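The values are calculated or read from the model by the stated rules, or taken from the named source; none is laboratory data. Computed from a prediction, not measured in an experiment: that's the story for all the values here. Cβ placement follows ideal geometry from the backbone for every residue including glycine, while neighbour counts extend to all protein chains displayed.
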Amino acid sequence: MENDFIDHINKNSLFSKDSKLLVAVSGGIDSICLVSLLIELKYNIEIAHCNFRLRSKESDEDLNFVKQFSETNNISFHSRSFNTNEYAKNKKISIQMAARELRYDWLKKLRLDIKADHIVTGHNLDDKIETFFLNIIRGTGLKGLISMKKNNDFIVRPLIFAKRKQIEDYVRIRKIHYREDSSNISIKYKRNKVRHELIPLLKEFNPSVVDTIHNEIKILESTFLIFENHVDEVLHKLIFKTSNGFKILKKDLLQLENYDIYLYELLNKFDFTDFSGITNAITRDSGKQFFSLTHKLLIDREYIIIKEKDIQQKNQFIINDIDKFIKSPLNLSFEIADKDFSQIKNFSACFDFDKLAFPLKIRKWENGDKFIPFGMKNFKKLSDFFIDIKLDLFSKQETFLLCSNNDIIWIIGHRIDDRYKVTAKTKKMYIANLLVN
């Protein structure tokens, strides 16, 4: 086992003896086998343990076991407890997904805090095969079928070559103690159903099914690298970057042969799940929106637009006459100046200072809002103005207004109100600059 372990690390350049490793240790057989091998081979390690508080007394006993193991072996120990049930409820995700997110978010932060080179986990070959089948059941595309990589985003899995039987033999021969997780037996979890029911059934058809699937995954991994490079190259030519996302011209996408494959790989990067709904909407439902946990997608008239979800903001922001700069909700600078138009930049608006009533307010637009666009004499509804300038739904949602009393004086980034413009009678100008990257 030790020689196979060393060979796997060296062959795949996972880490070196000079590397500092943060080892995730639950106390179960896999992670204890992993950390024991690393200790035996004298790697520089620190141990991290997550207490998800899902099994009350058992979870606390796991924590104490790993802490004692670390002290016995004179290894730095880090732990963190989570309210996993509450996190899962708030984010409307499964307990397993919640635990995974909490675990990796914390480990990534801890790695930076202790200046470790890698996070090391105890996933083995059987885990990889189980993930393969789970992803087939979920429907994750080609990328999901290659399941776990040997290393990914500073996370390395040096036991991914080893079958569970090899790990069991290693700890048995060396009489190494570990914790049994009672939840691993319960078939209410999908992974356990795959482990205890599906794979034994498949072994009745092919006793070497684990090796067979592993070989197929290796072929898929090589195939996916070629496929991924091609897809990224094609999408790179189609994508237009925006301030907090990007957009793709629908007609360019639809001209691609098997365009839905390119679209699927793109949507998968942002965890969109309603693939068929999005595909159908492209040719039918302009204005329809879709949401993932982190992003939102709009099928506009000409474009598919993907942006990060908005962070909840205050309804109103106050600007006093002494304010020179604000960062929220937009980057804006303000100045009072003599009537000199040579100072005016792009994305700036100029007002007659004496017509303004401070404090000014910045707010989102609302249905029924109206103003007198610069150069016009009559009121116009903002909804009609947005149609005139062909503003997409996402851009409308992100549009802010600068107001004096109850008057809209600037649709920020677009048009000022004619009543507040600089005229021949203006003594001082108030200049608002929208600072864009």
Regarding the stretch 71-80, can at least one residue be identified that is part of a helix (DSSP H, G or I) and modelled with pLDDT of 95 or more?
yes
Glu58 versus (1) over 31 Å from the mean Cα position of the chain (by Cα); (2) crowded, with 20+ Cβ neighbours inside 10 Å: which is the lone unmet condition?
(2)
I need the full set of residues from the stretch 62-104 which are buried (at least 18 other Cβ atoms within 10 Å of the Cβ) and basic (Lys, Arg), in order please.
Arg103
Wholly enclosed strands (runs of 3 or more DSSP E) of the stretch 228-328 bearing at least 3 residues over 19 Å from Asp392 (Cα atoms)
316-319
Verdict on Lys165 being out of contact with any Lys or Arg (no Cβ under 6 Å at 6 or more places or on another chain) and exposed (fewer than 13 other Cβ atoms within 10 Å of the Cβ):
yes
Does any residue of the stretch 339-356 turn out to be touching a Phe, Trp or Tyr at 6+ places or on another chain (Cβ under 8 Å), free of Cβ contacts under 8 Å to residues at least 60 places away in the same chain and either surrounded by fewer than 19 Cβ atoms within 10 Å (Cβ to Cβ) or not β-branched (Val, Ile, Thr) (or both)?
no
Got a number for residues in the stretch 105-150 being small (Gly, Ala, Ser) and surrounded by fewer than 20 Cβ atoms within 10 Å (Cβ to Cβ)?
3
For the stretch 23-55, what are the residues that are assigned to a helix (DSSP H, G or I), surrounded by fewer than 21 Cβ atoms within 10 Å (Cβ to Cβ) and either polar (S, T, N, Q) or outside the structural domain of Ile6 (by TED's automatic domain parsing) (or both)?
Ser36
Residues Ala281, Ala357: which one is of a type in the set (Gly, Ala, Ser) and touching a Lys or Arg at 6+ places or on another chain (Cβ under 6 Å)?
Ala281
Positions within the stretch 417-437 being part of a strand (DSSP E or B) and surrounded by fewer than 17 Cβ atoms within 10 Å (Cβ to Cβ), in sequence order:
Lys428
